[in-house]
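Below is one structure, written out as structure tokens; the observations come after it.
The values are calculated or read from the model by the stated rules, or taken from the named source; none is laboratory data. In this text the structure is predicted, and so the values were computed from the model without any measurement. Ideal geometry is used to build each Cβ from the backbone, glycine not excepted, and the neighbour counts take in all protein chains shown. Ligands, DNA and RNA are stripped out before the accessible areas are found, and what is left, the full protein with its side chains, is counted by its heavy atoms. Shrake-Rupley method; radii C 1.70, N 1.55, O 1.52, S 1.80 Å.
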6 protein chains.
Amino acid sequence: MPYVNIKITNEGATKQQKSELVAGVTELLSKLPGKNPATTVVVIDEVETDNWGIGGELVTERRKRGS
Amino acid sequence: MPYVNIKITNEGATKQQKSELVAGVTELLSKLPGKNPATTVVVIDEVETDNWGIGGELVTERRKRGS
Amino acid sequence: MPYVNIKITNEGATKQQKSELVAGVTELLSKLPGKNPATTVVVIDEVETDNWGIGGELVTERRKRGS
Amino acid sequence: MPYVNIKITNEGATKQQKSELVAGVTELLSKLPGKNPATTVVVIDEVETDNWGIGGELVTERRKRGS
Amino acid sequence: MPYVNIKITNEGATKQQKSELVAGVTELLSKLPGKNPATTVVVIDEVETDNWGIGGELVTERRKRGS
Amino acid sequence: MPYVNIKITNEGATKQQKSELVAGVTELLSKLPGKNPATTVVVIDEVETDNWGIGGELVTERRKRGS
């Protein structure tokens, strides 16, 4: 029954990678008490780099500097 | 003053359906103590089926199997 | 399969009221295409009035003024 | 280390405005105890007006009425 | 740089289990393009069973019935 | 009309600091197009350090090491 929301920058994760991420997170959660994998929900939000800031700066700008 | 976030897979909800959902949820919340419908906010996120997992599997794959 | 997160100030909602809210929201969502009530999840967060701001002011302060 | 999620309607915020918002919020949070600006994350979600309700009504409809 | 929010019912996850969950999720995310484990954030919300609904019913009630 | 959710570790933010944070964030958002401070909502979640991971490790453990 857990619910997981994963936010990542939109930088080319493939469907295969997302599929493996969902399977992996669901398995990890099944180790906790009372968590049913059948109803575990994982939602992935892919966010534009113009809409993600870290360290007070947009990721778009950081990428331009190579970091 | 409540805030509601609804996440659904992006599978064809119409504007009319979303309008009725917002009206209905706002009315339900107005029955709780101290909740003002005028400032109740409802945000709907429509998520691609490639980005939604349940039971360890992407919804895209489930839909292919007919479930 | 929808996921709903409801945030309200912690001002005395009873278990009965929360039960009715969960039932009502789940029913509203079942009217959308492809939404299965059996796996619809509703999570209610009750937030202290010191941790909720509206109009630039904590709710705790607004309540003192009677609004 | 704080995490901030800002949801706004998608009504023309520029990259420059988002950049200033990220910088400003990060600075505000650095005034709290134990918060490191270098790892402060700010994610901005821009939401279609058809998917945002307030007062029981979609923002799309409110905008048509001029409010 | 990913951000992960995990919501689970408050049913006795230990600190050790939470520590392993954080380590495991962070490792899974490091397999995606451009994701730095050093700044990956995982926040766990433990929610009372009175505040979690599934299938239109509070988890508290489901647990009483043994499901 | 924006909605802001701020997640911080629970390490002693005072009511005064939270009040200033709410006022500051609301003012910053009022600079964006079409954002009304009167209906801007800010919700602060204070999270136990056992429930917050960064770099694959719980904050509780990092604090013990002095970082």
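Annotations
- Hits in the range A:22-58 (condition: in a helix (DSSP H, G or I) and under 16 Å from the mean Cα position of the chain (by Cα)): A:Val22, A:Ala23, A:Gly24, A:Val25, A:Thr26, A:Glu27, A:Leu28, A:Leu29, A:Thr49, A:Asn51
- Whichever residue in the range B:32-45 is buried (at least 17 other Cβ atoms within 10 Å of the Cβ) and either hydrophobic (A, V, I, L, M, F, W, C) or in contact with a Lys or Arg (Cβ under 8 Å, 6 or more places away or on another chain) (or both) and, among such residues, is nearest to A:Ala23 (Cα to Cα): B:Asp45
- Among the residues of the range A:31-48, the ones that are on the phi < 0 side of the Ramachandran plot and among the small types (Gly, Ala, Ser) come to 1 in all.
Here's the yes/no breakdown for (1) within 12 Å of chain D (Cβ to nearest Cβ); (2) modelled with pLDDT under 95:
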| position | (1), (2) |
| --- | --- |
| A:Asn5 | yes, no |
| A:Lys15 | no, no |
| A:Leu29 | no, no |
| A:Pro33 | no, yes |
| A:Pro37 | no, yes |
| A:Val41 | no, no |
| A:Glu57 | yes, no |
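- Meets criteria (within 29 Å of D:Glu46 (Cβ to Cβ) and either among the hydroxyl-bearing types (Ser, Thr, Tyr) or out of contact with any strand residue (DSSP E or B) (no Cβ under 7 Å at 6 or more places or on another chain) (or both)) for A:Lys64: yes
- Only one of the listed residues (F:Asn10, F:Asn51) is within 14 Å of chain E (Cβ to nearest Cβ) and buried (at least 18 other Cβ atoms within 10 Å of the Cβ). That residue is F:Asn51.
- Exactly one residue out of F:Val59, F:Val22 is over 23 Å from D:Leu21 (Cβ atoms) and open to solvent by less than 10 Å² (accessible area, probe 1.4 Å), and it is F:Val59.
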